[in-house]
Amino acid sequence: MAVLAHFQKLHFSTFLLTRAQPPLSSLSRQFNSTLCSKLYRLPTLIRSQSALSAAEPIPVTQLLEPPPPSETQSPISLDKLFIPPETQVSLDDPTTRVLRGSNIVLSKYARDAQVVQAEFVKSSVRTEDCPSDGSPEFALVGRSNVGKSSLLNSLVRRKKLALTSKKPGKTQCINHFRINESWFLVDLPGYGYASAPHECRTDWAKFTKDYFLNRSTLVSVFLLIDASIPAKKIDLEYASWLGQNQIPMTLVFTKCDKRKKKKNGGKHPEENVNDFQELIRGYFQTTPPWIMTSSITNQGRDEILLHMAQLRNYWLKH
Ligand code: GDP
């Protein structure tokens, strides 16, 4: 029952735009045929260097000015956008914004995105042992070496916070970090670590799957994918498992600063991002949200925090 209630809360895209809801596929088709061609007018969100720093919180409205023409990202068709609930995408509405380097439309719930405080709380070996105060949480997961610790540190603007979960004995745990004393970032064990014994790898999978299926305060899994290399089978399997089990998921593409085609299997990050989505499309009723990031340049940092804020604020209200 708890799991069902959780899904009901979280399937944002199913609340999209309508009162009497047609099946999702036909909804997408409907948009596709009527609006898609004009959608490219949607401007994208400008990202300033330290827009969400703790020292100088900047209201969201200041982030919403249109970017200079050179910074406008390639257009995304309407059926490939992630439209949060209670959000109207209208071609006549100049305030409609897509977060830069992502397919995520900004909603009225995008506020309080700054991280002003972060602390490690606890490591748990079972879902039942996780903090029980009911605060919403986001779980970061990805293949070993994908850049999870770097991203976590970049999100909280601390150099070594995530090292806590790299300490011996903690790598196989569910590690909770409390943010602003009101929500959690959760670091889950990396998967696909080549030198781990096979039974150990299976154990990790079982353990994280139990967490995904039973953690009622989990708002969304953030699945990290290395965009500097072509899609890996294990990542595709992970994403499709989440899709098949209807676990809300955001794809976070890491290492988007690595642009040398030769070294990276012949493709730019943007191409790997598109390829990955094509490969998992069949497993999702609607397009999952995705964001391109780099822990070197901080690309995507503010966008992730805004996305988390809008998911969280909606979750808290419903
Ligand atoms: P984890 O095992 O997933 O926690 O990965 P780490 O955060 O420890 O990063 C693994 C390696 O990738 C390290 O050498 C990092 O410096 C590098 N790395 C992480 N994020 C980025 C990124 O955004 N861009 C680049 N170029 N390298 C990165």
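The values are calculated or read from the model by the stated rules, or taken from the named source; none is laboratory data. Quick caveat, the model's predicted, so the values are computed rather than measured. Counting neighbours? That spans all protein chains shown, and the Cβs are built from the backbone with ideal geometry, glycine included. Protein only, heavy atoms only, side chains kept; ligands, DNA and RNA dropped before computing areas. Shrake-Rupley method; radii C 1.70, N 1.55, O 1.52, S 1.80 Å.
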Please verify whether region 130-139 includes one or more residues that are among the charged types (D, E, K, R) and within 12 Å of the ligand (Cβ to nearest atom).
no
What's the total number of residues in region 265-318 that are charged (D, E, K, R) and more than 16 Å from the ligand (Cβ to nearest atom)?
6
Return the total of residues in region 217-236 being open to solvent by 10 Å² or more (accessible area, probe 1.4 Å), in contact (Cβ under 8 Å) with a residue 24 or more places away in the chain and either under 14 Å from ILE280 (Cβ atoms) or away from the ligand (no atom under 16 Å from the Cβ) (or both).
6
Hey, among the residues in region 92-123 that are in a strand (DSSP E or B) and within 16 Å of the ligand (Cβ to nearest atom), which one's nearest to HIS307 (Cα to Cα)?
SER102
So if I check each of ILE304, ILE280, which one is over 27 Å from ALA113 (Cα atoms), touching a residue at least 24 places away in the same chain (Cβ under 8 Å) and crowded, with 20+ Cβ neighbours inside 10 Å?
ILE280
Could you say whether any residue in region 160-176 is surrounded by 17 or more Cβ atoms within 10 Å (Cβ to Cβ), out of contact with any His (no Cβ under 9 Å at 6 or more places or on another chain) and at pLDDT 95 or above?
yes
Could you please tell me which pairs satisfy a Cβ distance under 8 Å, a separation of 6+ or placement on different chains, a first residue in region 237-262 that is over 18 Å from SER144 (Cβ atoms) and open to solvent by 50 Å² or more (accessible area, probe 1.4 Å), and a second residue that is among the aromatic types (Phe, Trp, Tyr) and at pLDDT below 95?
GLN244/TYR283; GLN246/PHE7
Looking at (1) touching a residue at least 24 places away in the same chain (Cβ under 8 Å); (2) more than 16 Å from the ligand (Cβ to nearest atom); (3) more than 27 Å from LEU236 (Cβ to Cβ), which is the one condition that is false for ARG158?
(2)
Looking only at region 213-237, which residues are over 26 Å from ASN272 (Cα atoms) and part of a helix (DSSP H, G or I)?
LEU213, ASN214
